[in-house]
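Chemist: So that we are looking at the same thing, I have put the structure below in structure tokens.
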Amino acid sequence: MPVAKGEPLDPAATRARILDAATRLFYARGVHAVGVNDIAAEAGASKLSLYRNFGSKQRLVAAMLVERSERVHAWLRRETADAPAGEERVLAVFDLLATWFGQADYHGCVVVNTVTDTRARDPEVTALGRAHLDRYRELLAERLAELDPPPAEPGRLARQLLLLIEGAVTVAAIDSGDPAPGADARDAARCLIRSAPRR
């Protein structure tokens, strides 16, 4: 995408292009395997533009994680909002994720991958990863509260369901985009929901 010499004067467009390029490269190759030269070349931008917009590669990584987490959670809420309230709305999250697992370019969750890639030694990256998982728990707890009767411990059940999700995310990535872990996690989620003590 060679644009560098005639970069648009719109700083927001340049920033978005750099962020999109970084997200693609980090997702495909990992944070440590991608340098600022790679990102600038992929974005058709100069290194100066990258540093002007983000300050450093570390700040670019953080911006990528924030943007990706926002996008993922908006997608999860939007695409499952119309499922019938109760068990089906909880399980709709698993159905949607299973569809994602089957995509040809699926490589797991870029947020969790980045925390793993940095060995959880970068406090900001780790905090952003924790916030990403917290948002999953919040969504699941909201959906569980719609059950009739609701579970006695919605927070604990949401955490258990998140473990199923993250396990499926990892297994599907290792199994090269096989959607079967999503279906297995859904079945296990249904069993957990139905066996959970109720208020």
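The values are calculated or read from the model by the stated rules, or taken from the named source; none is laboratory data. From a predicted model like this one, the values you see are computed outputs, not experimental measurements. Note that each Cβ is placed from the backbone with ideal geometry, even for glycine, and that neighbours are counted across all protein chains shown. To get the accessible areas, we keep the full protein, side chains included, count just its heavy atoms, and leave off ligands, DNA and RNA. Shrake-Rupley method; radii C 1.70, N 1.55, O 1.52, S 1.80 Å.
Chemist: Looking at residue 96, is it farther than 25 Å from residue 33 by Cα, touching a Leu at 6+ places or on another chain (Cβ under 6 Å) and either touching a residue at least 12 places away in the same chain (Cβ under 8 Å) or open to solvent by less than 60 Å² (accessible area, probe 1.4 Å) (or both)?
Modeler: no
Chemist: Looking for something of a type in the set (Val, Ile, Thr) and under 27 Å from residue 191 (Cα atoms) - is there at least one such residue anywhere in the range 61-70? Show your work before the answer.
Modeler: Within the range 61-70, the subset of a type in the set (Val, Ile, Thr) is 61, 66.
With the extra rule that they be under 27 Å from residue 191 (Cα atoms), the set shrinks to none.
For the range 61-70, residues of a type in the set (Val, Ile, Thr) and under 27 Å from residue 191 (Cα atoms): absent.
Chemist: Could I ask something else about it? In the range 73-89, how many are part of a helix (DSSP H, G or I), of a type outside the set (Asp, Glu) and surrounded by fewer than 18 Cβ atoms within 10 Å (Cβ to Cβ)?
Modeler: Counting residues in the range 73-89 that are part of a helix (DSSP H, G or I), of a type outside the set (Asp, Glu) and surrounded by fewer than 18 Cβ atoms within 10 Å (Cβ to Cβ) gives 5.
Chemist: When you go through 131, 127, 92 one by one, which is the residue that is under 16 Å from residue 168 (Cα atoms), of a type in the set (A, V, I, L, M) and in a helix (DSSP H, G or I)?
Modeler: Sole residue among the options that is under 16 Å from residue 168 (Cα atoms), of a type in the set (A, V, I, L, M) and in a helix (DSSP H, G or I): 92.
Chemist: Yes or no: residue 185 under 20 Å from residue 73 (Cα atoms), hydrophobic (A, V, I, L, M, F, W, C), open to solvent by less than 70 Å² (accessible area, probe 1.4 Å) and touching a residue at least 12 places away in the same chain (Cβ under 8 Å)?
Modeler: Yes; evaluated as a whole, the condition is true for this residue.
Chemist: Let me ask another. Restricting to the range 110-124, name every residue that is polar (S, T, N, Q), open to solvent by less than 40 Å² (accessible area, probe 1.4 Å) and part of a helix (DSSP H, G or I). Break it down into steps so the answer makes sense when it comes.
Modeler: Residues of the range 110-124 that are polar (S, T, N, Q), as a first pass: 113-114, 116, 118.
Imposing the further condition that a residue be open to solvent by less than 40 Å² (accessible area, probe 1.4 Å) reduces the set to 114, 118.
Answer for the range 110-124, where residues must be polar (S, T, N, Q), open to solvent by less than 40 Å² (accessible area, probe 1.4 Å) and part of a helix (DSSP H, G or I): just 114.
Chemist: Limited to the range 142-179, what total is found for residues that are in a helix (DSSP H, G or I), touching a residue at least 12 places away in the same chain (Cβ under 8 Å), aliphatic (A, V, I, L, M) and open to solvent by 20 Å² or more (accessible area, probe 1.4 Å)? Reasoning before the result, please.
Modeler: Residues of the range 142-179 in a helix (DSSP H, G or I): 142-144, 154-174.
Narrowing the set further to residues that are touching a residue at least 12 places away in the same chain (Cβ under 8 Å) leaves 143-144, 154-155, 157-162, 164-170, 172-173.
Those still in the list that are aliphatic (A, V, I, L, M) too: 144, 157-158, 161-162, 164-165, 168-169, 172-173.
In the following step, the residues that additionally are open to solvent by 20 Å² or more (accessible area, probe 1.4 Å) were identified as 164, 173.
Within the range 142-179, residues that are in a helix (DSSP H, G or I), touching a residue at least 12 places away in the same chain (Cβ under 8 Å), aliphatic (A, V, I, L, M) and open to solvent by 20 Å² or more (accessible area, probe 1.4 Å) number 2.
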